[in-house]
Amino acid sequence: MKEFYSSVIELRQPISQQFSSNPYECGWASEALFFLTVHPKIADFDHLVVRPKIFLDGVHWTEAPGDATLISEPELTAIALTQFGGWLRLELTLEEAAQKAMVTLHLALKG
């Protein structure tokens, strides 16, 4: 029987320019699924670039294998990962300094 765990990583977090979510330990899991909600209340942006970041040692972050996710409007987006180290987080980048957004991030783990 597989284990399952879900957690709220960020709750109604306002972002501008570049933002990294709180890291989450998930070395026991074989599958990870981020649910990123961009709230329409604060959504003044053209594109939000989302990149999963991974690390094993807690010091040196690198991009997870695969492409970045591009978000162009407020919505719920799922980002699935099956190859990652002991920790995960998301890096969110807005293209221009004046742009802003508000996000909620959930992480579901299975292993």
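The values are calculated or read from the model by the stated rules, or taken from the named source; none is laboratory data. Note that the structure is a prediction, hence the values are computed from the model and not measured. Here Cβ is always computed from backbone atoms with ideal geometry, including for glycine, and neighbour counts include all displayed protein chains. SASA here: full protein model, heavy atoms, side chains in, ligands and nucleic acids out. Shrake-Rupley method; radii C 1.70, N 1.55, O 1.52, S 1.80 Å.
To the nearest 20 debye, what charge dipole does the chain have about its Cα centre, counting +1 at the Cβ of each Lys and Arg and -1 at the Cβ of each Asp and Glu?
Details: 8 positive and 14 negative charges, 67 e Å.
So the magnitude is around 320 debye.
Over the chain, what portion of Cα pair distances is larger than 16 Å, expressed as a whole percent?
On the way: 3422 of 6105 pairs.
I get 56 percent for the Cα pairs in the chain exceeding 16 Å.
Subtract the Cα-Cα distance of ALA98 and ASN22 from 0.36 nm times their separation in residues, and report this length gain in nm to one decimal. Could you put the intermediate results ahead of the total?
Details: separation 76, 0.36 × 76 = 27.36 nm, distance 2.32 nm.
Between ALA98 and ASN22, full extension yields an extra 25.0 nm.
Can you spot the lysines whose alpha carbon is less than 19 Å from LYS110's alpha carbon? Ignore those fewer than 8 places along the same chain.
Answer for LYS110, where 19 Å is the Cα cut-off: LYS2, LYS53, listed by chain and number.
In whole percent, and with a 1.4 Å probe on the protein chains, what portion of the accessible area of the chain is carbon and sulfur? It would help to have the intermediate numbers written out before the result.
Details: 3190 of 6340 Å².
Here carbon and sulfur together make up 50 percent of the probe-accessible area.
Per residue, how large is the accessible surface of the range 1-69? Use a 1.4 angstrom probe and give square angstrom. Could you put the intermediate results ahead of the total?
Values: 4400 Å² over 69 residues.
Value for the range 1-69: 64 Å² per residue.
Please report the Cα spread of the range 72-111 along all three principal axes, rounded to whole Å, starting with the longest.
Over the range 72-111, Cα extents along the principal axes are 40, 19, 14 Å.
Give, as a single signed number, the net charge of other residues whose beta carbon lies under 15 Å from the beta carbon of GLN17, with Lys and Arg counted +1 and Asp and Glu -1. Could the numbers behind the result be given before it?
Details: positive: ARG51, LYS100; negative: ASP44, ASP46, GLU91, GLU95, GLU96.
Overall, the nearby charge balance is -3.
Put +1 on the Cβ of every Lys and Arg and -1 on every Asp and Glu Cβ in the chain; which of GLY66, THR77, ALA97 then has its Cα farthest towards the positive end of the dipole?
Toward the positive end, the furthest listed residue is THR77.
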